[in-house]
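Inspection log for the structure reproduced underneath, given as structure tokens.
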Amino acid sequence: MIVSHVHENKCYVFSNDDLEVGDKVFPISNGLTIDGKYTHKEFDYRDFMCGFPDGPHIIKNLHYSDYKPYEIYTSHGFGPVEKYFKIISINNLE
């Protein structure tokens, strides 16, 4: 999935496709995990929630657990793969 967000006159484009160990990601998707399925509710770009834009999480393990809420392990915690997005481009809007 590709999403964009404008912050301080820059358009950030994010993707959660092809994530790899070592990627700098932001847990911008909020949702629920029920019976092993993640359902997206909303995107949240606030710094204290996801570290955007200056505090990315670094993926340490892409398959930490079969239990969906602990699927991916990052430098800041755990979550389902659908929660994490990496920046693929930054475009100035000026």
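For the reader, a short list of remarks on this structure follows.
- For region 12-94, the dipole from Cβ point charges (+1 on Lys and Arg, -1 on Asp and Glu) about the Cα centre works out to 180 debye, to the nearest 20.
- Inter-part distance where region 1-37 and region 49-90 are each reduced to a Cα centre, Å: 9
- Shape call, the chain: gyration tensor on alpha carbons, a/c limit 1.5: prolate
- 3J(HN,Hα) along region 11-21: 9, 8, 10, 10, 9, 10, 8, 6, 5, 9, 4 Hz, from the Karplus curve 6.51 cos²θ - 1.76 cosθ + 1.60 with θ = phi - 60°, whole Hz, x for Gly and Pro.
- Table column - 3J(HN,Hα) (Hz), region 54-65, Karplus curve with 6.51, -1.76, 1.60, x for Gly and Pro: 9, x, x, 8, 10, 5, 9, 7, 8, 9, 6, 7
- Percent of Cα pairs exceeding the 14 Å cut-off, where the set is region 40-90: 54
- Amide H contacts under 5 Å for residue 28, placed H, 5+ residues apart: 85
- Prolate/oblate/rounded label for region 23-68 (Cα gyration tensor, a/c 1.5): oblate
- Ranked list, fewest to most other Cβ atoms within 10 Å of each Cβ, for 33, 74: 33, 74
- Filtered trypsin sites (Lys or Arg not before Pro), region 1-76: DSSP coil and at most 10 other beta carbons within 10 Å: 46
Throughout, read-outs are computed from the coordinates displayed, never taken from laboratory work. Note that the structure is a prediction, hence the values are computed from the model and not measured. Reconstructed Cβ throughout: ideal geometry from the backbone, glycine too, with neighbour counts over all protein chains shown.
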